[in-house]
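A.B. asks: Shown below is the structure under consideration.
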Amino acid sequence: VVVEVLDHGFVELLDSMADDLSVVNSARVSFGKRHNTFLAEDEKLIGYLMKHKHGTPFEHNSFTFHVCAPIFVFREWQRHRIGSFNEMSARYMELPERYYLPEYANVRTRVGKPGHYTYETASLTVAHEFVGDLDTACKQDYDLYKTYLAAGIAPEQARCFLHVNHYSEMYWTVNARSLMNFLSLRNSSTAQWEIKQYAEVVEVMWSTIMPFTYEAFVENDRQAP
Ligand SMILES: Cc1cc2nc3c(=O)[nH]c(=O)nc-3n(C[C@H](O)[C@H](O)[C@H](O)COP(=O)(O)OP(=O)(O)OC[C@H]3O[C@@H](n4cnc5c(N)ncnc54)[C@H](O)[C@@H]3O)c2cc1C
């Protein structure tokens, strides 16, 4: 299933090898035990592991997502080192004309002191000007990108005309433990709104595959074990 995010982005869960049973079985291997089906007591064990930060049993699984997002969102996302990334290359291919423009109602002003900022909706006049100017700048610079590509400039240099709101695509493979850390930080009120939109979708996709782990994560104040 492909879920659209922002104006041109998406998240698709391409593949997964994961379930709640693998969590309890990888914990029980300590005692040479294994269950073939998920039992009522297993839910408790998952809660115990989560609460007491026994994190490694949550690593025996994997999720591969195909993500299309603005480059500035990837800059934040790819700081999460525990996982694997492969991204579209602007050295090897021409990036399509796809850039992010916020909706007017979502243009924000920042108010407050360092460390205590709040974000407020900009006035409609300011929002129109901002989005209009951004659109013009991106369009002009994309045209220059194409012009210099056509003139034979190497794509790796021509791309300097593209902006950080230009869309890129990547594959991201991650295990549930690292995914919980990602969700804890990026599906949070302190995360940048744009990456949070992606994290919300990722959270739903993950939670349907590991519902008991998800429940324990939420009960544990959304902290990764
Ligand atoms: C609201 C917010 C604001 C941010 N602002 C900035 C900013 O201004 N500047 C900036 O540079 N970054 C910023 N970051 C990024 C942040 O510093 C982390 O790089 C990012 O959130 C990834 O988190 P992580 O290291 O826990 O994840 P991962 O890299 O996936 O690591 C997962 C866990 O593995 C362990 N781990 C991984 N690598 C190491 C290591 N080398 N040594 C020890 N333990 C390790 C840690 O326990 C870590 O929590 C911000 C993040 C958020 C959410």
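A.B. asks: Does region 216-225 hold any residues that are touching a residue at least 12 places away in the same chain (Cβ under 8 Å) and more than 12 Å from the ligand (Cβ to nearest atom), and which are they? Talk me through it step by step, then tell me what you get.
C.D. replies: First pass over region 216-225, keeping only residues touching a residue at least 12 places away in the same chain (Cβ under 8 Å): 216-217, 219-220, 222-225.
Correct list: A216, F217, E219, N220, R222.
A.B. asks: Pick from R110, R159: which is modelled with pLDDT of 95 or more and basic (K, R)?
C.D. replies: Values: R110 fails: modelled with pLDDT of 95 or more.
Answer to the check: R159.
Condition check ((1) in a loop (DSSP other than H, G, I, E, B); (2) β-branched (V, I, T); (3) more than 14 Å from V5 (Cα to Cα)) across all residues:
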{"site": "Y167", "(1), (2), (3)": "no, no, no"}
{"site": "Y171", "(1), (2), (3)": "no, no, yes"}
{"site": "S184", "(1), (2), (3)": "no, no, yes"}
{"site": "I195", "(1), (2), (3)": "no, yes, no"}
{"site": "Y198", "(1), (2), (3)": "no, no, no"}
{"site": "T208", "(1), (2), (3)": "no, yes, yes"}
{"site": "F212", "(1), (2), (3)": "no, no, yes"}
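A.B. asks: Among the residues of region 79-98 satisfying the criterion of being without any contact (Cβ under 8 Å) to a residue 24 or more places away in the chain and within 16 Å of the ligand (Cβ to nearest atom), which is surrounded by the most Cβ atoms within 10 Å (Cβ to Cβ)?
C.D. replies: Out of the qualifying residues, it is R79.
A.B. asks: For the condition open to solvent by less than 50 Å² (accessible area, probe 1.4 Å) and either at pLDDT below 95 or hydrophobic (A, V, I, L, M, F, W, C) (or both), what is the one hit in F10, F38?
C.D. replies: On the way: F38 fails: open to solvent by less than 50 Å² (accessible area, probe 1.4 Å).
Just a single option satisfies the conditions, and that option is F10.
A.B. asks: Within the set of pairs 6 or more residues apart or between chains, which connect a residue that is over 27 Å from L45 (Cα atoms) inside region 184-213 to a residue that is at pLDDT below 95 and within 13 Å of the ligand (Cβ to nearest atom) with Cβ atoms less than 8 Å apart?
C.D. replies: Here the result reads W193/Y119, each pair linking region 184-213 to a residue that is at pLDDT below 95 and within 13 Å of the ligand (Cβ to nearest atom).
A.B. asks: Would a scan of region 178-201 turn up a residue that is more than 16 Å from the ligand (Cβ to nearest atom) and touching a Leu at 6+ places or on another chain (Cβ under 6 Å)? Steps first, please.
C.D. replies: Kept after step one, since they are more than 16 Å from the ligand (Cβ to nearest atom), are these residues of region 178-201: 201.
Right, trim to touching a Leu at 6+ places or on another chain (Cβ under 6 Å) and you get none.
No, there is no match, as no residue in region 178-201 is more than 16 Å from the ligand (Cβ to nearest atom) and touching a Leu at 6+ places or on another chain (Cβ under 6 Å).
A.B. asks: Another question, then. A27 passes all but one of (1) at pLDDT below 95; (2) crowded, with 19+ Cβ neighbours inside 10 Å; (3) small (G, A, S); which number fails?
C.D. replies: For A27, the exception is condition (1).
A.B. asks: Any idea which of (1) part of a helix (DSSP H, G or I); (2) closer than 19 Å to E194 by Cβ is the one G132 doesn't satisfy?
C.D. replies: Result: G132 passes all but (2).
A.B. asks: Still on this structure: Among (1) within 15 Å of the ligand (Cβ to nearest atom); (2) over 29 Å from A105 (Cβ atoms), which single condition is A158 missing?
C.D. replies: (1)
A.B. asks: Go through the residues of region 112-126 one by one and say whether even a single one is more than 27 Å from V1 (Cβ to Cβ) and buried (at least 16 other Cβ atoms within 10 Å of the Cβ). Even if it seems obvious, please write down each step before you answer.
C.D. replies: Keep residues of region 112-126 that are more than 27 Å from V1 (Cβ to Cβ), which gives 112-126.
From what's left, buried (at least 16 other Cβ atoms within 10 Å of the Cβ): 122.
Yes, some residue in region 112-126 is more than 27 Å from V1 (Cβ to Cβ) and buried (at least 16 other Cβ atoms within 10 Å of the Cβ).
A.B. asks: Moving on to the next point. Examine region 146-161 for a residue that is open to solvent by 40 Å² or more (accessible area, probe 1.4 Å) and among the acidic types (D, E), and state whether such a residue exists.
C.D. replies: The answer is yes, given that some residue of region 146-161 is open to solvent by 40 Å² or more (accessible area, probe 1.4 Å) and among the acidic types (D, E).
A.B. asks: Being closer than 25 Å to K53 by Cα, touching a residue at least 12 places away in the same chain (Cβ under 8 Å) and surrounded by 13 or more Cβ atoms within 10 Å (Cβ to Cβ): is that true of N165 here?
C.D. replies: Numbers: closer than 25 Å to K53 by Cα: no; touching a residue at least 12 places away in the same chain (Cβ under 8 Å): yes; surrounded by 13 or more Cβ atoms within 10 Å (Cβ to Cβ): yes.
When the stated conditions are applied, N165 does not pass them.
A.B. asks: To continue, here is another question. Within region 99-108, which residues are exposed (fewer than 13 other Cβ atoms within 10 Å of the Cβ) and either among the aromatic types (F, W, Y) or farther than 29 Å from L179 by Cα (or both)? If you could, list the steps in order and put the result at the bottom.
C.D. replies: So in region 99-108, the residues exposed (fewer than 13 other Cβ atoms within 10 Å of the Cβ) come out as 103, 105.
A105, the sole residue that qualifies.
The values are calculated or read from the model by the stated rules, or taken from the named source; none is laboratory data. A quick note: this is a predicted structure, and the numbers were derived from the prediction, not measured. Note that we place each Cβ from the backbone using ideal geometry, even for glycine, and neighbour counts take in every protein chain shown. Protein only, heavy atoms only, side chains kept; ligands, DNA and RNA dropped before computing areas. Shrake-Rupley method; radii C 1.70, N 1.55, O 1.52, S 1.80 Å.
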